[in-house]
Amino acid sequence: MPADILIVDDNPNNLFALENLLAAPDLNIITAGSGNEALAKTLSHEFAIALLDVQMPEMDGFETAELMRGNSRTRHIPIIFVTANRSEREYVFRGYDSGAVDYLAKPLDVNILKSKVNVFLELHRQRRALEEKTRELDAKISEMERLQNLLQERNEQLRVLSRTDRLTGIFNRLSFDETLDYEWRRCDRGGKPLTLIMADIDHFKAYNDRLGHIAGDHCLKQVAWALSAALMRHVDTIARYGGEEFAAILPETDESGAVAVVTRMRNAVKALNIAHPASPTELHVTISLGVASMLPDPNLSPLRLIEMADDAMYRAKALGRDRHALYSQLG
């Protein structure tokens, strides 16, 4: 892509001469007859260099250079002043203060002119190449960040899916095991009680046999969400333990606190009013629940708490179902 060069001089003969001297296939030479015209040309071109005559009417080269330096769009353009008064020190210093990078004295030495212009053209090409590489790098970084975010999203989705029961949408057995182990150790460190509730849908095999597995799946979904809604704290966890059995982990909760939870659970399932024509207990779906609480002991395993809650649940079934039983009352 040709580089743009700006030549500014109020004398058309000077413009023509400079344009002929610098003409090259890789250059696009733009001329201006005044400072105002030069500033207007900078709005539509990105100049690699500007050759600026100092002595011009209305707006001289110094004023034009100062205005270019004051604009963020043009302040980077190297300005070479072309003047017949280079020998005057005050004149030269004013030019540098205005933003010039060099001076060329009239009459112009062609070799010096081309040499200086080529230096700044090469700098311009290098700057363009660096900007292009920077844009490419930024685009690659942006794409990498997008892919990284997408990967994180996919990994998070996979993590959630691996911990979620596909049918009911609540936590699965893997998540239950991990959470129980974590809460066991946490409550052990804090000396706090840990409660586990095991819940089982009464006569669920008979429900499936009578109404079919599609109805059974729908029943499981409804019961799962009713049990989930009965938990009032974000630290409490409900999971599908297996089949028609569910488990709730209540950290820092003793047996008396758990009674309110199991009562809400039973009432939430009753409120669903799911017809169960094959149940000898009720005309609608009910659940039996077992509650076990203990202070975690580093010498024991969380499996002990599962066994206690499971024993309590089977005690509730033995007592007629549609109720809860406390492990502490067994025996």
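Can you tell me how many residues within the stretch 107-126 are loosely packed, with under 13 Cβ neighbours inside 10 Å and either charged (D, E, K, R) or outside the structural domain of Ile7 (by TED's automatic domain parsing) (or both)?
Selection size over the stretch 107-126: 2.
Enumerate the pairs (first residue in the stretch 182-203 and more than 15 Å from Arg304 (Cβ to Cβ) and assigned by TED's automatic domain parsing to the domain that holds Arg321; second residue anywhere and among the acidic types (Asp, Glu) and not in a loop (DSSP other than H, G, I, E, B)) with beta-carbon separation below 9 Å, excluding pairs fewer than 6 apart on the same chain, so at least 6 apart or on different chains.
Ala199/Glu245; Asp200/Glu245; Ile201/Glu245
Filter the strands (runs of 3 or more DSSP E) completely within the stretch 1-79 down to those with at least 3 residues that are in the same structural domain as Lys106 (by TED's automatic domain parsing) and either of a type in the set (Gly, Ala, Ser) or farther than 20 Å from His124 by Cβ (or both).
47-53
Just give me the residues in the stretch 242-265 being out of contact with any strand residue (DSSP E or B) (no Cβ under 6 Å at 6 or more places or on another chain) and assigned to a helix (DSSP H, G or I), in sequence order.
Those that are out of contact with any strand residue (DSSP E or B) (no Cβ under 6 Å at 6 or more places or on another chain) and assigned to a helix (DSSP H, G or I): Ser256, Gly257, Val259, Ala260, Val261, Thr263, Arg264, Met265.
So which residues in the stretch 195-241 are in a strand (DSSP E or B) and either farther than 13 Å from Thr168 by Cα or touching a Gly at 6+ places or on another chain (Cβ under 8 Å) (or both)?
Passing the criteria: Thr195, Leu196, Ile197, Met198, Ala199, Asp200, Ile201, Thr237.
Return yes when Asp200 is surrounded by 13 or more Cβ atoms within 10 Å (Cβ to Cβ), of a type in the set (D, E, K, R) and modelled with pLDDT under 95 and no when it is not.
Answer is no for this residue.
Surrounded by 14 or more Cβ atoms within 10 Å (Cβ to Cβ) and either without any contact (Cβ under 8 Å) to a residue 12 or more places away in the chain or not polar (S, T, N, Q) (or both): does that describe Ala50?
Taking the combined requirement at face value, the residue satisfies it.
Might you check whether a residue that is without any contact (Cβ under 8 Å) to a residue 40 or more places away in the chain, within 27 Å of the chain's Cα centre (by Cα), under 27 Å from Leu289 (Cα atoms) and loosely packed, with under 13 Cβ neighbours inside 10 Å occurs anywhere in the stretch 136-158?
Scanning the stretch 136-158, I find no residue that is without any contact (Cβ under 8 Å) to a residue 40 or more places away in the chain, within 27 Å of the chain's Cα centre (by Cα), under 27 Å from Leu289 (Cα atoms) and loosely packed, with under 13 Cβ neighbours inside 10 Å, so the answer is no.
The values are calculated or read from the model by the stated rules, or taken from the named source; none is laboratory data. The structure displayed is predicted, hence computed values, not measured ones. Ideal geometry is used to build each Cβ from the backbone, glycine not excepted, and the neighbour counts take in all protein chains shown.
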